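Novice: Here's a structure for you.
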Amino acid sequence: QWYQRRVREKEQDRLYNRISDSYVSLFLNVEEKYKDFILKHYPSALAQGLYSTFCNVYTNSLKHFDGEFKTFLCNLTSEWICGSTPPPLSWSNWPYYLLEPSNSSKDEDGRKSGLKIQESEEQKPVSPMFVQPKVAVESHPAGPGPVFERVQFNIFGRSPLVTHYLGTRNLGKDTLAPKLVSRTQVEKVGAQQPTYRQIISQAKKVFSNLEKQHKRSLQLSEQEGRRINKRYQEEILELSVIQRELLKRKNEVRVLSEKLIDYQNSDLYNQPGTYTNIFEPYVELFKEQIEKEKEKHI
């Protein structure tokens, strides 16, 4: 194990030496007017190259190349070249349609399954140069913002790759005294979801559902009101027919009067439905007369 660890350390040292040599050679051969541009964009381009290499070599492990992995690559390349970490989530604007395999799924399900089987073998591959990425509409997160921290930065310091390059050649020992300045950087990014756009969209959906439920309730209320009013008119008609027919039968009037007096003196008085039960026998008794009266009002 010790031997294997030593071999890995030697390989890492050899690779780091090669990286520092290549970077210094690149930097020295670039025209002066392009050096600021190189320093600004080269760390991100190198991180994208590393990410694309991992995605195209380890296609079945795409689920492991998540935000944490991309953050690690960005921090590593930026610290090697600039000596400081980049802003958080700097990888969110990468052209993934160029970096990831063309036959890999970009959604979460595809990342779990690795490669995506193409639906048609006859479909011609489209060059990524002509593929236009979908532009996502930006929206600010609605939660707490990022947490900032103050750090010390040596403005006379060198790039770690340049320092390593000079150190392997016993150069650069006459460095200037460090001059530290304080700089503010993001320590922790707040939650990116939900955004204001998502909250507004969700609120619109809730409002739309409530509006539909309200309209449905109004329709049901109107239907129930019409049904109650119809039944009320029918009961008024039934009572009018019963009254007319009872007046023709003196004995029935006496019996009904006794029932009403007993009902008023009982515990069932004013209870829902009990008053109607007194007249139900008369509805059946005068059913034919009631039907004839209804036909007149149609």
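Novice: The conditions are (1) without any contact (Cβ under 8 Å) to a residue 24 or more places away in the chain; (2) closer than 20 Å to ARG158 by Cα; (3) of a type in the set (A, V, I, L, M, F, W, C), and ILE81 fails exactly one of them. Which is it?
Specialist: (1)
Novice: Another question, if that's okay. Is it the case, given these coordinates, that SER257 is at negative phi and either at pLDDT 80 or above or not in a helix (DSSP H, G or I) (or both)?
Specialist: The answer is no for SER257.
Novice: If you don't mind, there's one more thing I want to ask. Looking only at region 159-177, filter to residues that are surrounded by 10 or more Cβ atoms within 10 Å (Cβ to Cβ) and polar (S, T, N, Q); which one of those is modelled with the lowest pLDDT?
Specialist: Once the filter is applied, the top-ranked residue is THR175.
Novice: While we're here: List pairs: first residue in region 24-41 and free of Cβ contacts under 8 Å to residues at least 12 places away in the same chain and farther than 12 Å from VAL162 by Cβ, second residue open to solvent by less than 50 Å² (accessible area, probe 1.4 Å) and assigned to a helix (DSSP H, G or I) anywhere in the structure, Cβ distance under 7 angstrom, at least six positions apart or on different chains.
Specialist: VAL30/ILE38
Novice: Let me ask something additional. So which residues in region 43-60 are within 28 Å of the chain's Cα centre (by Cα) and either loosely packed, with under 13 Cβ neighbours inside 10 Å or within 12 Å of TRP91 (Cα to Cα) (or both)?
Specialist: Within region 43-60, SER44, ALA47, GLN48, TYR51, ASN60 meet the criteria.
Novice: Please verify whether GLU68 is open to solvent by 50 Å² or more (accessible area, probe 1.4 Å) and within 20 Å of THR168 (Cα to Cα), treating the condition exactly as stated.
Specialist: Answer is no for this residue.
Novice: Still on this structure, please answer the following. Could you list, in sequence order, the residues of region 189-227 that are of a type in the set (Lys, Arg) and either in contact (Cβ under 8 Å) with a residue 60 or more places away in the chain or assigned to a loop (DSSP other than H, G, I, E, B) (or both)?
Specialist: The first filter runs over region 189-227 and keeps only residues of a type in the set (Lys, Arg), leaving 197, 204-205, 212, 215-216, 226-227.
Within region 189-227, ARG197 is the sole residue that qualifies.
Novice: Look through SER217, SER240 and report the one residue that is open to solvent by less than 70 Å² (accessible area, probe 1.4 Å), under 30 Å from PRO281 (Cβ atoms) and not aliphatic (A, V, I, L, M).
Specialist: Result of the check over SER217, SER240: SER240.
The values are calculated or read from the model by the stated rules, or taken from the named source; none is laboratory data. Only a predicted model underlies this, so the values are computations on that prediction, with no experimental measurement involved. Here the Cβ is made from the backbone with ideal geometry for all residues, glycine too, and neighbour counts use every protein chain on show. The accessibility values were calculated without ligands, DNA or RNA, using every heavy atom of the protein model including side chains. Shrake-Rupley method; radii C 1.70, N 1.55, O 1.52, S 1.80 Å.
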